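The values are calculated or read from the model by the stated rules, or taken from the named source; none is laboratory data. Predicted model only: the values in this text are computed from it and were never measured. Note: ideal-geometry Cβ built from the backbone for every residue, glycine included; neighbour counts use all protein chains shown.
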């Protein structure tokens, strides 16, 4: 399918990596995703949690060998607190950018064929990712990712986990940390994940898949 996903992942990360050490603003208004994600949730999620990871990362890498590295290299070569904050910073920008107040609800033909080949249908993919997200114990992320051949995988990762460390290209990220949904849905995580699909913009996912 052209460019190796190793290079593609690096290119994709570098596109947003430099900005990740600073705060990347939301690509839409705080209230644009209502009623599925409230303005209050986005203020806390973006301005407090995500911004907190960026601030903590900058604090941790100050004066270390990581201070001169791009964010993707920090994610791929660090561990402990530095990895956790670097990965969470990257994960959050990736997460916020996949939504739209006017989303396309279906993937393009190329991605749709890959989904059908691996899962049977788009509905089955949604059902499986929703199940992964509602059954992941504790906090973490559920990802749709692709390998160098364009094959798709659903991956559950605890805490700050990311498919980048598995040499896979992330396509979709479901954040199941409580701060992503609790103000709006309380303990009803499944409801939040079901509404997730209503604002996911498949145009963004197509663009990510087409970079492979």
Here the residues within the range 61-81 that are more than 21 Å from residue 173 (Cα to Cα), surrounded by 16 or more Cβ atoms within 10 Å (Cβ to Cβ) and modelled with pLDDT of 95 or more are 78
Scanning the range 66-86 for residues that are touching a residue at least 24 places away in the same chain (Cβ under 8 Å) and in a loop (DSSP other than H, G, I, E, B) gives 70
Matching residues in the range 146-199 (more than 29 Å from residue 80 (Cα to Cα) and touching a strand residue (DSSP E or B) at 6+ places or on another chain (Cβ under 7 Å)) number 2
